[in-house]
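Q: Below you will find the structure I want to go over with you.
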């Protein structure tokens, strides 16, 4: 009886050790997305740039005073980046054509591919 109990605990201990030691922390990969937004050649200083990923939540960033944006993203390798995204851009000071925001999914220039590592995406928009 003691030897069976001893074997049971020995097997249980080995199973726990094997399962527990093989996991570790998930690998993390960094991605950066940066660029600029202009409207009719002028920096869009008040634009909100949203990357709507095929999977996952949208990623949104505000442009600075020069119309530039920079976004650093750390994602586990099993997440949605890299991949396809639809970019929509809105401005608080001017009305942009719908092809840059609500109809962006129908506009090929607003459909982008996010790749591992560095991504530079400049958007030169027209107000008409």
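Q: Points 7 angstrom from Cα along the Cβ direction at residue 50 and residue 120: gap in nanometres?
A: In this crude spin-label approximation the distance works out to 2.8 nm.
Q: How do 128, 52 rank when sorted from fewest to most other Cβ atoms within 10 Å of their own Cβ? Before the final figure, lay out each step's value.
A: Details: 128 4, 52 17.
Sorted ascending by nearby Cβ count, the order is 128, 52.
Q: Residue separation times 0.36 nm, minus the C-alpha to C-alpha distance between residue 109 and residue 93: what's the value?
A: Details: separation 16, 0.36 × 16 = 5.76 nm, distance 2.26 nm.
The residue 109-residue 93 span can extend by a further 3.5 nm.
Any read-out appearing in this document is the output of simple, stated calculations on the displayed coordinates, not a laboratory observation. Note that the structure is a prediction, hence the values are computed from the model and not measured. Neighbour counts run over all protein chains shown; Cβ positions are idealised from the backbone, glycine included.
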